[in-house]
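A quick write-up on the structure given underneath.
The values are calculated or read from the model by the stated rules, or taken from the named source; none is laboratory data. A quick note: this is a predicted structure, and the numbers were derived from the prediction, not measured. Cβ placement follows ideal geometry from the backbone for every residue including glycine, while neighbour counts extend to all protein chains displayed. Remember, those area values only see protein heavy atoms, side chains included, never the ligands or the DNA or RNA. Shrake-Rupley method; radii C 1.70, N 1.55, O 1.52, S 1.80 Å.
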Amino acid sequence: MTSIDVLLLKLPARRIAADGVRELAASLRDVAPPLRHIAAHASIESVESYVYLVLREPGVPHLGPLQDALARLEPGAQLVPLQLMMSVDGASAGKPAPFHYVVETDVAQGGEEDLNAWYDQEHLPGLASVPGTVLAQRLSDPTGSPRYHALYELETQETFGSPAWLKVRASPWSDRVRPMFRNPKRTMFTHVLTVEM
């Protein structure tokens, strides 16, 4: 198995609150691999939460005890192992980021090389440079679907639709790559709580 940096816990029918994050962190402390922190986000438009379990060190964690605990604590939750591909500090690095925008997608056969080059060379650095972007990251699920996850920590929700953001999205390369997305999912979340472990 590929080295993992983050375990994404998807809670498809729950809008988690701060107390719920604290309870989850306490329950997972003894069964999760060594974690740096847990960061929880609740969807703005649907009843759904994403909780990122950030590993202290990249590796191939033994997930059996964690999966058993989650089956009891969060029935229906999905645990997704993710590998960090790229991380770019944003133009607003260091500022609070109450909004968390996620784009998840697979890619059409034959389009992977172009999609990865576009993200690495143009799209992720471009969106990171937009005022209001605190952090931009790409992660991949080495074995599952959707394969690619782009995460943007935003200072304001308006950053997402700002002229500078839209200008990055409107490039000729973007127009060529975007039709290669398969099963895309775009979600805006609010940050609920980060718990240091």
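Evaluate region 90-99: report whether one residue or more is in contact with a helix residue (DSSP H, G or I) (Cβ under 6 Å, 6 or more places away or on another chain), in contact (Cβ under 8 Å) with a residue 40 or more places away in the chain and within 23 Å of V80 (Cα to Cα).
yes
Report yes if Y152 is open to solvent by 10 Å² or more (accessible area, probe 1.4 Å), of a type in the set (S, T, Y) and modelled with pLDDT of 95 or more, otherwise no. Answer is no for this residue. Can you confirm whether L166 is open to solvent by 10 Å² or more (accessible area, probe 1.4 Å) and free of Cβ contacts under 8 Å to residues at least 40 places away in the same chain? Here the answer is yes, as L166 does meet what is asked.
Filtered by the rule that a residue be buried (at least 17 other Cβ atoms within 10 Å of the Cβ) and within 28 Å of L79 (Cβ to Cβ), region 117-127 gives Y119, H123, L124, L127. Checking D114, D106 one by one, the residue that is open to solvent by 10 Å² or more (accessible area, probe 1.4 Å) and in a helix (DSSP H, G or I) is D114 and no other. Residues that are surrounded by fewer than 18 Cβ atoms within 10 Å (Cβ to Cβ) and under 15 Å from A97 (Cβ atoms) do occur in region 130-144, at least one of them. Filtering T159, T190 for residues that are of a type in the set (S, T, Y) and open to solvent by 20 Å² or more (accessible area, probe 1.4 Å) leaves a single hit, T190.
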